[in-house]
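Let me begin by presenting the structure, written as structure tokens, before commenting on it.
The values are calculated or read from the model by the stated rules, or taken from the named source; none is laboratory data. The structure displayed is predicted, hence computed values, not measured ones. Reconstructed Cβ throughout: ideal geometry from the backbone, glycine too, with neighbour counts over all protein chains shown. What goes into the accessible areas is simple: the full protein's heavy atoms, side chains included, and nothing from ligands, DNA or RNA. Shrake-Rupley method; radii C 1.70, N 1.55, O 1.52, S 1.80 Å.
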Amino acid sequence: MQVSQKSKETFDACRFCWMCHHICPIGNATGHERNTARARALSLSLVERGGLALDEEVSSNLYECALCSGCAHDCITGWDPTKFTKEARLAAALEGVLPPYINTLLDNLADHGTPYGQVALDGALAEAIAALPKEADVLLFLGADARALYPAGALNAMRLLTAAGISFTVLENEPDDAYASNFLIGAAEETRAAMKRANDAFAPFKTIVCYDGTDAAAFLREGKEWGVVTANVVTFPTYIASLIKQGKLSPKKGKTVYTIQDCAYIARELDDDQSIRTVVDALGERREMLVSGKATMLGGQALMATYMADVIAKVGARRMHEAVIAGAETVVTESVGEYLALSAAAPAGVKVVTLEEAVLSCL
Ligand code: SF4
Ligand code: SF4
């Protein structure tokens, strides 16, 4: 199995350790030992020692990890199981042992530029995009999840930038955001090439506002680390927080109590759990869940929902239960996948809103 020495050391360190098993949103949802970082490490260490074949069964387990870094964040000895999981996914791809549903997502990416296949753009969204100027300093990058699964969120994000008086545009045909291929096959040539194509498409713009936290994390973490993303990419919460600070958006602070569902990829990978709080604090009162900020628990994942919908529904329901225990009235999200899973699980009396929806309601 082609993985780095660091990955081998990590799965050897993790294979007999159970210290982070309680932190895994997937393991908590399934209750299965196989979903802990420890179990995944143990099977990979066996593969490395020749006691187990890297086959479809082992590789299917690799895709039951959301790469949310909850385990890595909790690890007091500093190991990061997401690294060996991503490298092992690429190794499984190279050895041709990916599960069929992962091959389908990859085929969709190759054929249509999105993991969701050929999805016609929502009519109202297409119309709104067509009405925008073609040239502007700011590009709002919507990403595949919003375009395919939640166009209403994309429209609200556009309404919010318009309300702030920002001259911006949205590409009618967005390049593949590389998030999906980064998630599915890690540092493969295809992922780097997709990021490069996106970076080339960003060249005419001074600022790229990335609507979905998952895409922003891929561009700003791996894209920058590999030197292929040179564009000025900012997350949507960071940009909205800056518009409030500059006085371009002046929401009226009300009595609504907001509870934040931090996007794990923004909070942990990009080390930013403050931008969303800057925005929410301008809107109303904030009531935190027990685990929040950089310690957040995943609340949903759009890509995984295509092949393990029942588990992701449970992930959303568990997180929503935690929000209810914390006394949440309005839960604010910063990723499409979490919005979809949490809103599907919201009980009567608890609202789930996206960040832009929350701000728009206070203008
Ligand atoms: S990441 Fe740390 S806490 Fe989790 S299994 Fe590995 S060594 Fe243990
Ligand atoms: S990265 Fe997240 S989903 Fe994967 S093992 Fe760690 S805590 Fe679980």
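Remarks
- Long-range neighbours under 7 Å by Cβ, at least six apart or interchain, first residue assigned to a loop (DSSP other than H, G, I, E, B) within the stretch 1-27, second more than 16 Å from ligand 2 (Cβ to nearest atom): 1/47; 1/48; 1/54; 1/91; 2/91; 2/94; 3/91
- Looking only at residues in the stretch 343-360 that are surrounded by fewer than 23 Cβ atoms within 10 Å (Cβ to Cβ) and touching a residue at least 40 places away in the same chain (Cβ under 8 Å), the one that is nearest to residue 288 (Cα to Cα) is 357.
- Those residues of the stretch 22-45 which are within 16 Å of ligand 1 (Cβ to nearest atom) and of a type in the set (A, V, I, L, M), in sequence order: 23, 26, 37, 39, 41, 42, 44
- Residue 72 vs. criteria crowded, with 20+ Cβ neighbours inside 10 Å, at negative phi and within 9 Å of ligand 2 (Cβ to nearest atom): yes
- Residue in the stretch 38-53 that is closer than 17 Å to residue 311 by Cα, assigned to a helix (DSSP H, G or I) and within 16 Å of ligand 2 (Cβ to nearest atom) present: no
- When the stretch 75-94 is filtered for residues that are open to solvent by 20 Å² or more (accessible area, probe 1.4 Å) and either outside the structural domain of residue 37 (by TED's automatic domain parsing) or within 6 Å of ligand 1 (Cβ to nearest atom) (or both), the ones remaining, listed by number, are 75, 77, 79.
- Within the stretch 20-33, the set of residues being exposed (fewer than 15 other Cβ atoms within 10 Å of the Cβ) and of a type outside the set (Asp, Glu) comprises 22, 31, 32.
- Search result, residues across the stretch 327-351 that are assigned to a loop (DSSP other than H, G, I, E, B) and in contact with a strand residue (DSSP E or B) (Cβ under 6 Å, 6 or more places away or on another chain): 328, 329, 346
- Some residue of the stretch 106-117 being open to solvent by 30 Å² or more (accessible area, probe 1.4 Å), assigned by TED's automatic domain parsing to the domain that holds residue 9 and free of Cβ contacts under 8 Å to residues at least 12 places away in the same chain: no
- Residue list for the stretch 1-37, filter: of a type in the set (Ser, Thr, Tyr), within 13 Å of ligand 2 (Cβ to nearest atom) and closer than 18 Å to residue 89 by Cα: 10, 36
- Out of 140, 149, 155, one residue alone is in contact with a strand residue (DSSP E or B) (Cβ under 6 Å, 6 or more places away or on another chain) and at pLDDT 95 or above. It is 140.
- Residue match in the stretch 282-289 (condition: open to solvent by 30 Å² or more (accessible area, probe 1.4 Å), within 18 Å of residue 217 (Cβ to Cβ), of a type in the set (Lys, Arg) and touching a residue at least 40 places away in the same chain (Cβ under 8 Å)): no
- Total residues in the stretch 55-69, condition open to solvent by 20 Å² or more (accessible area, probe 1.4 Å) and more than 12 Å from ligand 2 (Cβ to nearest atom): 3
- Among residues of the stretch 2-14, those that are more than 8 Å from ligand 1 (Cβ to nearest atom) and open to solvent by less than 50 Å² (accessible area, probe 1.4 Å), counted: 4
- Segments classed as helices (runs of 4 or more DSSP H), wholly inside the stretch 82-184, with at least 2 members that are of a type in the set (S, T, N, Q): 100-112, 151-163
- Selected residue (criterion: surrounded by the most Cβ atoms within 10 Å (Cβ to Cβ)) from residues of the stretch 309-329 that are farther than 17 Å from residue 339 by Cα and hydrophobic (A, V, I, L, M, F, W, C): 326
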